[in-house]
Each structure stands twice: as C-alpha cells, then as structure tokens.
Amino acid sequence: MDRAARKRLTNCVITIENNEDRHREIIQSAVAKRAYQIFETRGYKHGFDLEDWMSAEKELLRDDFDGDTSAFHFLFEGARDPEVTTILSLTTHSLVVFLSHSRLVSKPNNRPDILSVHVLPEEIDPSQADVKAMNGLLHVYLPKKNDKGWRQKSGGIKV
C-alpha cells in the first residue's frame with residue numbers, strides 16, 4: 001500500500017492512503033465476504049443475493065455522523081489486548097478501521113480484521129486528522145476539507 005504518512009499512538013497506527021482505489025477494493029471485498037456469510041447462515045438458499053448484499057452494506061458501511069458541519073467525529077473502542085493494534089486507514093473520502101493481531105503476523109495469509117468502514121459524504125484532509133486515546137476509547141476528529149478554520153486540538157496525534 002502506498003502510504004503518505006504513518007503515526008503511532010499506543011496500540012493505534014494511523015495511515016493515510018494515497019490510493020483511493022485500494023480502499024474501494026477493501027470495502028467491496030468486506031461487503032462481499034459478509035454477504036456470503038449471510039448466504040451461508042441462511043443455508044445456501046439462492047435468490048436473496050441483493051438482500052444479502054444490502055444487509056452486509058448496512059452492517060459494515062457506517063454513516064453515524066453527528067451533524068457537525070465542520071468535521072466528522074468517531075469513537076472506537078481501543079484494543080485491550082497489547083498484542084492487538086488498531087489501524088486507522090484514511091483517504092480523502094473514507095476511513096477503514098482494522099484490528100491487527102501481532103501473534104498472527106508470521107502466519108501465511110494473515111491480514112488485519114476489518115472492524116468498520118466509513119464512507120465520508122464530504123472530502124476531508126487526512127493530514128489534519130486528530131486522534132486521542134482516552135479511557136480505552138479512540139476519539140477521531142476528521143475536519144472537512146472545505147472548513148477554513150480547522151480546529152487545533154491538543155493531546156492527540158496530528159497526522
């Protein structure tokens with residue numbers, strides 16, 4: 001992956017992806033995998049592919065925006081296991097949150113688990129992302145690109 005920046009906060013890594021196509025691939029792959037799991041759960045009954053896909057999108061693609069006109073705010077539970085790292089991967093239009101298990105790194109085909117996917121309705125400047133770890137939660141602040149007065153936060157990591 002082509003990364004413009006990579007910062008670390010306790011058990012959290014923040015990356016900025018230059019390639020939006022990679023995020024689209026990750027999102028589509030995650031939705032397809034979940035849709036297939038729903039198909040399996042239903043006993044492999046055909047004819048519900050659209051419903052399965054829509055259910056998978058509803059589960060994975062979050063639009064839990066708080067109405068703030070200048071930024072997007074997210075809260076994520078931080079990994080309690082010291083061998084698990086939370087990875088926040090940002091592009092100008094998306095945030096993908098992964099969990100990576102260090103004890104599985106040496107295993108073949110080990111990939112981080114996708115915790116959540118957020119497709120942002122407005123462009124952000126990922127370099128202005130601010131992340132704070134407080135009481136086991138990661139507070140993520142992503143200012144919208146059109147917001148001229150990006151707020152300066154203290155105590156977090158500016159990417």
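The values are calculated or read from the model by the stated rules, or taken from the named source; none is laboratory data. The structure displayed is predicted, hence computed values, not measured ones. We place every Cβ from the backbone using ideal geometry, glycine too, and count neighbours over all the protein chains shown. With ligands, DNA and RNA removed, areas are computed over all heavy atoms of the protein, side chains included. Shrake-Rupley method; radii C 1.70, N 1.55, O 1.52, S 1.80 Å.
The table below lists the values:
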{"read-out": "Inter-residue pairs, beta-carbon under 9 Å, first within 23 Å of residue 124 (Cα to Cα) and in the stretch 18-40, second open to solvent by 30 Å² or more (accessible area, probe 1.4 Å) and hydroxyl-bearing (Ser, Thr, Tyr), 6+ apart", "value": "20/92"}
{"read-out": "Criterion (at pLDDT 85 or above, buried (at least 16 other Cβ atoms within 10 Å of the Cβ) and more than 19 Å from residue 16 (Cβ to Cβ)) met by exactly one of 52, 125", "value": "52"}
{"read-out": "The stretch 68-93, subset in a strand (DSSP E or B) and over 14 Å from the mean Cα position of the chain (by Cα), residue surrounded by the most Cβ atoms within 10 Å (Cβ to Cβ)", "value": "71"}
